[in-house]
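Here's the structure we're looking at; comments come further down.
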Amino acid sequence: MPDAVIVGAGVVGAACAYYASRAGLTVTVVDRGPVAAGTTGAGEGNLLVSDKEAGPELDLALLSTRLWRELAGTLPPETEYERKGGLVVATDGAALTALRAFAEGQTKAGVEAYEIPADGLGDLEPHLAPGLAGAFHYPEDAQVQPAMAAAQLLRAARADVRLGQEVTAVLTDRGGAVRGVRTSHGDLHAPAVVNATGTWGKALARLAGVHLPVLPRRGFVLVTEPLPPRLVRHKVYAADYIAGVASGSAGLRSSAVVEGTPAGTVLIGATRERVGFDRTLSTEALRRLAARAVDLFPVLAGVRAIRAYHGFRPYLPDHLPAIGPDPRVPGLYHACGHEGAGIGLAPATGLLVAAALCDDPPPLDPEPFRPDRFDDTEGAAS
Amino acid sequence: MTADLAVVGAGPAGLTAAATAARLGLDVTLLDAAQRPGGQLYRHPAGGPVPRPVRRLVRRLDRVTHLPHHHVWTVVRDGDTWLLHAVAGPDEAPAAVRARAVLLATGAYERQLPFPGWTLPGVVGAGGAQAMLKGGLALPGTGAPPAGTGPGAGGRIVVAGSGPLLLAVATTLAAAGARVPVLVEASGPAAYARHAAALARNPAKLFQGALYGGALLHRTTRLLTRHAVTAAHGTTRLEAVTVTRLDPDWRPVPGTGRRVPCDALAVGHGLVPQLELATGLGCATRRTPDGTPAVEVDAEQRTSVPGLWAAGETCGVGGAELASAEGEIAALSVAGRRPPAAAARRRARLRAFADALAAAHRPGPGWTDWLDGATEVCRCEEVTAARIRAAVTDLGARDARSVKLLTRAGMGWCQGRTCGPAVARLAGRDPAPDRRPLSCPVPLSQLAQPPGAEK
Ligand SMILES: Cc1cc2nc3c(=O)[nH]c(=O)nc-3n(C[C@H](O)[C@H](O)[C@H](O)COP(=O)(O)OP(=O)(O)OC[C@H]3O[C@@H](n4cnc5c(N)ncnc54)[C@H](O)[C@@H]3O)c2cc1C
Ligand SMILES: Cc1cc2nc3c(=O)[nH]c(=O)nc-3n(C[C@H](O)[C@H](O)[C@H](O)COP(=O)(O)OP(=O)(O)OC[C@H]3O[C@@H](n4cnc5c(N)ncnc54)[C@H](O)[C@@H]3O)c2cc1C
C-alpha cells in the first residue's frame, strides 16, 4: 500500500509526487488521461514573479523560483528551463507610476526588479515600439516546457503512475477518514489522497463530500510562424496585465505576454475569461492578443499566426490555490486552484504537500492556502 | 449583406450544393482556398482548359457569388448568423462572409505512413503526384518534360500504398509517359471478402478491377498486393525502393524484401477527412471503418450543430459521385425541401460501398514495424520514431496530443496534417478528430483587425 494516492498527472500532481518521494514516501499517481492531459498541456511555461504583488502568492512564487532553479540542475535539459527574465513595460506616465509602486512592494518582499528608462529599452528589446514610458526588468522570471516538466518530475519521482484510469469515488472508513480511491480500473488503498486535479478540483472534492469552488477560466494563446532568433528576448508584457491577473471579473481580460521560444515561434498569451468549459474559438480573444502584441512589437504585424490553443485555468475566488490537509475529511489533501500560475507554483506546492503528508514543519506559512477557507454552502454532501 | 448559404469548398460536393441551392432560389456564396473550382479531383492549371465536369458545374454557378482563393480560417456564430473569416488572395487580404446557413464541403487530404527514406527527394504523395500532373507541373524526380511529351515522361515511377486512388494515379502517370514498373498495394483480396456484402460477391475480381482496371497498365505494370514499400534508398535523391511482403496485419515478413530501382515513388495510404472547421464548431464526429474520424451527418446532411451542414469527403471518403450526391441532398435540406427518396437511396448505396472499401484498406497495426528508430515521422519538426516511442514508454504520452506536447511532433508548419495519423498509431491509438482552431496561417495584422461583415 502506498503512503498516498495523488490524483492528477499535471505539473502540480507531478511536483507533489516528486517532493513526497524525496521525503521518503511511496506514492501512486492516477490520471484519467495521459501525462499533462489537462491544463498543464495547454499552458505556457512562464515562471513569473513579476506579475505577483507582495503577499502570500508572491511568497509561494519566490520559494518556487528557488526550487525551479534547483530542479533545473537535476532534471534533463529537455525540460527547457531558461531564466530569460521579464520586461514589464509602461505605455504612459501613469502606468509607469503605478508600476513603480508595485515594484517597490515586490522588492521589499525579496524580488529583484530594476527600472529601465525609456531610452534604455532598445538595448534590452531592439524591436519594441517607440514611445513607451519605461519598464521594469525582472531577471528572475524564467520558463520551462510545462508538459515536459510534468513528465520529468514524475519520472524522477519514480512513482507508480497509472494513466488512463479515472477516479470515480473517494473511499472512506466508518469514521469518515480517507482510505483510498475507486478508479475505473479498481480500488487503490492508501491512508492519504491528494486532490491535484486542477480545474476539475471541485468535482474531486465533491467525491470526498466537501465543497471547493474551483472554476474554469479560459485562456487563448497564439503561436506565430518561426521567426529569426532573438527577435523577442524576454517575456515582455504591458503593465495592465497585472490588473488582469488580479481581476475577479467574468468578462474577457487580455494581456499579451510576448516571448520567443527555442523553436523560433513567438508565443502571445493569454486572455482570461470565465465562460465555463466553452471550447469554441473566440475571434475577439484572438483580436485582443494580436492587437496587444503588435502594439508592443510592430514588426509582428506582418507575421502569421500558425496556431491558436486554449485551456481552462483552475480558478478560486480569491486567486490563491488550495494547498494542504482538509480538516473536514481526515486524510484528504488538496493541491489545486493555481489559476494562471500553476506551472510556476508547482514545486513550492509539492514541497508544502510533502511536508504536510510527513507532518513536518511547512517551508512557509500555509494558512492563506487553507482548503476550507471558503463558504461551505454549496451542496457539500451531494 | 447576409447570404442564405455559405459553402466552404468548391469540389464536387460544394459545387453541386451551391448550384442546387442557387437553383432553388437561395442567395449562395461559395468560398474555396484554391484558385480554380473543381476540388481535388478536377484540379486544373489556371489558364489551362477546364475539365468537362467542372465546366458543367460552373455553368450552373451563374447566380452564385464565387470567391476563389479564399481560405476560411474559422467560422464563428454571431447572433443568429454565421461569420466566416478568410485569408484572401496572394496578398493574404482579410475577408469575411456572413450567412444564415453554412455547408462544410472541405474534402479530404492524403494519409501518409512514414518509412525509412520517405523524406528523400523523389518520394511524393500519390494524390499529390496526381494533383501536380493535373496542375501542369513536372513530377519531382522525372525532371522537366522533354518537348512534346507529358510531364512525367521517361521516368520509372513506383506507385505504392493502399486504396483505390493508386490505380487512378498509376493511370495518370502512365498516360503522362512515365513507366510504372510496379503498383504495390498493402491490402489483399481477402480483405475485400472479409469486409462487406457490398464487395463480397466476387472479391478477387473486384479487387483486381479496383486496383488494376486500366488496359494501359496491364501490359507494363506488375500488381503486387499484400506488399509495401518499406524503405527508400538513395544518397541525394531516390534511386531504389525496398518492396516487402506483408502479413494480414501489415507486418513486414522478414526476408522477403527486394530492391526495385526507380526514379520516383508516388505513395499514399488513402485519404482522411479535412475536419478542423467542423470540430472547431463542435460538430459530432464518427469513426469511419478505416479508423479515421469524419463529420457525422443525418440523412439530410445536417451536422449535430443546428444551421450547419456537411457534404462530401469531410463526412467520410467516398469519391466524387458520392460527394456530389451529398452536396445535392444538403442543398435541398438547407432550402427546406425533403430530398427525394431516390437520392437518399443512392447516397446510402454509395456510402455503404465507400465504407466497405475503407474497411478493406484500413491500415493494419503492423505497419509501424517498418519504421526504424531514425525514421523522421514529423518532418516539420524533425522528430524521429525513436523519440516518439520514448515519449510513450518513458514519459507517459498516450495519444497524439501528449506526444506532440512532449516531442513537438505535429507543431510545425503543416500542424500535424502529414504526421498526425502516424503519430496516433505510434501512441497506440486511432487518430482523434483534428483540432486546429486556425485552419491556415493568418497574419497577426488581420487577427488584430478582423473585418466585420455587414448584416
Ligand atoms: C492559456 C493558458 C496559459 C497559461 N500560462 C501559464 C504560465 O505561463 N505559467 C504558469 O505557471 N501557469 C500558466 N497557466 C496555468 C497552468 O497551466 C495551470 O495552473 C496548471 O497547469 C495547473 O496544473 P494542475 O496540475 O493543477 O492541473 P492539470 O494540468 O489540469 O492536471 C489535472 C489532471 O487531473 C486529471 N483529472 C481530473 N479529474 C480526474 C479524475 N476524476 N480522475 C483522474 N484524473 C483526473 C486531469 O486529467 C488532469 O491531467 C496557463 C493556463 C492557460 C489555460
Ligand atoms: C490529393 C488528392 C488526389 C485525388 N485524386 C483523385 C483521382 O485521381 N481520382 C479520383 O477519383 N479521386 C481522386 N481524389 C479523391 C477526390 O478528389 C474526391 O473523391 C472528391 O474530390 C471529393 O469531393 P469533395 O467535394 O468532397 O472534396 P474536394 O474535391 O477535396 O474539395 C474540397 C475543397 O475544399 C477546399 N477547402 C478545404 N478547406 C478549406 C477552407 N478551410 N477554406 C476554403 N476552402 C477549403 C479545398 O481547396 C477543395 O477545393 C483525390 C483526392 C486527393 C486529396
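For the pair region A:182-227 / region A:52-109, the C-alpha centres are spaced 26 Å from each other. Please check region A:275-291 for residues whose accessible area, probe 1.4 Å, is lower by 50 Å² or more when all protein chains are in place than in their chain alone. Listed in order, they are A:Leu281, A:Thr283, A:Arg287.
When Cβ neighbours within 10 Å are restricted to other protein chains, what is their mean count per residue of peptide A:150-159?
2
Among the residues of region A:130-149, those with an accessible-area drop of 30 Å² or more from chain alone to full protein complex, heavy atoms and 1.4 Å probe, are A:Ala147, A:Met148.
Seen against the Cα atoms of chain B and their longest principal axis, helix B:165-175 is set at about 80 degrees. When only the Cβ of Lys, Arg, Asp and Glu is charged (+1, +1, -1, -1), the dipole of region B:295-408 relative to its Cα centre reaches about 380 debye.
For the protein assembly as shown, with only Lys/Arg (+1) and Asp/Glu (-1) charged at the beta-carbon, what is the dipole magnitude about the Cα centre, in debye rounded to 20?
Dipole size: approximately 4140 debye.
The charge dipole of chain A, taken about its Cα centre with unit charges on the Cβ atoms of Lys, Arg (+1), Asp and Glu (-1) only, comes to about 940 debye.
Roughly what % of DSSP beta bridges within chain B run antiparallel, to the nearest 5?
Details: 35 of 67 bridges.
Counting DSSP beta bridges with both partners in chain B, the antiparallel share is about 50 percent.
The accessible-area loss of region B:81-95 on complex formation, taken against its chain alone with a 1.4 Å probe, reaches 20 Å² or more at B:Glu92.
Tell me, rounded to the nearest percent, the portion of alpha carbon pairs in chain B spaced more than 37 Å apart. That fraction is 25 percent.
Specify whether the C-alpha gyration tensor of the protein assembly as shown places it in the rounded, prolate or oblate class, a ≥ b ≥ c being the square roots of the eigenvalues: rounded for a/c under 1.5, otherwise prolate if a/b is larger than b/c and oblate if not. Write out the running numbers ahead of the final one.
Values: a/c = 1.83, a/b = 1.58, b/c = 1.16.
It is prolate, given that a/c is not under 1.5 and a/b is the larger ratio.
Residues A:Leu124, A:Leu316, sorted by accessible area with the largest first, give A:Leu124, A:Leu316 [1.4 Å probe; ligands and nucleic acids excluded]. What's the FRET efficiency of B:Asp247 with A:Ala94 using the Cβ-Cβ distance as r and R₀ = 45 Å, to the nearest 0.05? Efficiency for this residue pair is about 0.05. Between A:Ala301, A:Ala36, A:Ala285, the GNM of chain A built on Cα springs shorter than 10 angstrom shows A:Ala301 fluctuating the most.
Taking every alpha-carbon pair under 8 Å whose residues sit at least 6 apart, chain B reaches a relative contact order of 18 percent. Length, then width, then depth: along the principal axes, the Cα atoms of region A:87-172 run 58, 31, 23 Å. One Cα centroid belongs to region B:222-240, the other to region B:42-107; the line between them spans 38 Å.
Mind ranking A:175-182, A:353-360, B:342-349 by how tightly packed they are, going by the mean number of other C-beta atoms within 10 angstrom, highest first?
Working: A:175-182: 17.2, A:353-360: 18.8, B:342-349: 13.9.
Result, highest mean Cβ count within 10 Å first: A:353-360, A:175-182, B:342-349.
Rounded to the nearest 100, the interface formed by chains B and A buries 2900 square angstrom of accessible surface, both chains summed, with a 1.4 Å probe. Within the listed set A:Arg274, A:Arg292, A:Arg174, the Gaussian network model of chain A (springs between alpha-carbon atoms below 10 Å) gives the highest mean-square fluctuation for A:Arg174.
What's the average, rounded to a whole number, of partner chain beta-carbon atoms within 10 Å of each residue's beta-carbon in B:431-440?
Working: counts 0, 0, 0, 0, 2, 4, 13, 10, 0, 2.
Mean shielding count: 3.
Histogrammed with a bin width of 10 Å, the alpha carbon distances of region B:397-455 distribute as 21, 41, 19, 15, 4 percent, first bin at zero. Ordering B:29-38, A:125-134 by mean Cβ neighbour count within 10 Å, with the highest value first, yields B:29-38, A:125-134. Look at the Cα gyration tensor of region B:371-426: its axes a ≥ b ≥ c give a/c of at least 1.5 with a/b at or below b/c, and that counts as oblate.
Any idea what the relative contact order of region B:371-426 is, in percent, if you count C-alpha pairs under 8 Å spaced at least 6 apart? Don't skip to the end; give the middle numbers.
Details: 78 pairs, mean separation 19.6, N = 56.
Relative CO of region B:371-426 lands at 35 percent.
Roughly what angle does helix B:203-212 make with the longest principal axis of chain B, taking Cα atoms, 0 to 90 degrees, to the nearest 10? That works out to roughly 80 degrees. Between A:Ala109 and A:Ala203, the simple label model (points 7 Å from Cα in the Cβ direction) yields a spacing of 3.2 nm.
Determine the shielding of peptide A:27-35 by partner chains: average, over its residues, the number of Cβ atoms on other chains within 10 angstrom of each Cβ. Kindly include the intermediate steps, with their values, before the conclusion.
On the way: counts 0, 0, 1, 0, 2, 0, 5, 13, 8.
If you average over the peptide's residues, the count of other-chain Cβ atoms is 3.
Counting only heavy atoms of protein chains, what accessible area per residue, in Å², does the protein assembly as shown have with a probe of 1.4 Å? Display every interim value, and only then the final one.
On the way: 31720 Å² over 837 residues.
Averaged over the residues of the protein assembly as shown, the accessible area is 38 Å².
Placing unit charges on each Cβ (+1 for Lys and Arg, -1 for Asp and Glu) gives the protein assembly as shown a dipole about its Cα centre, and among A:His185, B:Gln274, A:Gly209 the Cα reaching farthest toward its positive end belongs to B:Gln274.
When a 1.4 Å probe is rolled over the protein heavy atoms, the share of accessible surface on the protein assembly as shown that falls to carbon and sulfur comes to 53 percent. Assign one of three labels to chain A, namely rounded, prolate or oblate, based on the Cα gyration tensor with a ≥ b ≥ c the square roots of its eigenvalues; rounded applies when a/c is under 1.5, prolate when it is not and a/b is larger than b/c, and oblate otherwise. Verdict is prolate for chain A. Taking every lysine pair in the protein assembly as shown that is 8 or more places apart or spans two chains, those with Cα atoms closer than 19 Å amount to 4.
Loop only per DSSP, at most 15 neighbouring Cβ atoms within 10 Å: give me the GluC sites (Glu not before Pro) in region A:1-73, ordered by residue number.
Details: sites: A:Glu44, A:Glu53, A:Glu57, A:Glu70; in loops: A:Glu44, A:Glu53.
For GluC sites (Glu not before Pro) across region A:1-73 that sit outside H, G, I, E and B with at most 15 neighbouring Cβ atoms in 10 Å, the list reads A:Glu53.
Could you order peptides B:332-341, B:77-86 by the average number of other Cβ atoms within 10 Å of their residues, highest first?
Details: B:332-341: 15.9, B:77-86: 18.5.
Packing proxy ranking, top to bottom: B:77-86, B:332-341.
The values are calculated or read from the model by the stated rules, or taken from the named source; none is laboratory data. Fair warning: this is a prediction, and the values are worked out from it, not measured in the lab. Positions of Cβ are generated from backbone atoms using ideal geometry, with glycine treated the same way; all protein chains shown enter the neighbour counts. We work out accessible area using only protein heavy atoms, side chains counted, and drop any ligands, DNA or RNA first. Shrake-Rupley method; radii C 1.70, N 1.55, O 1.52, S 1.80 Å.
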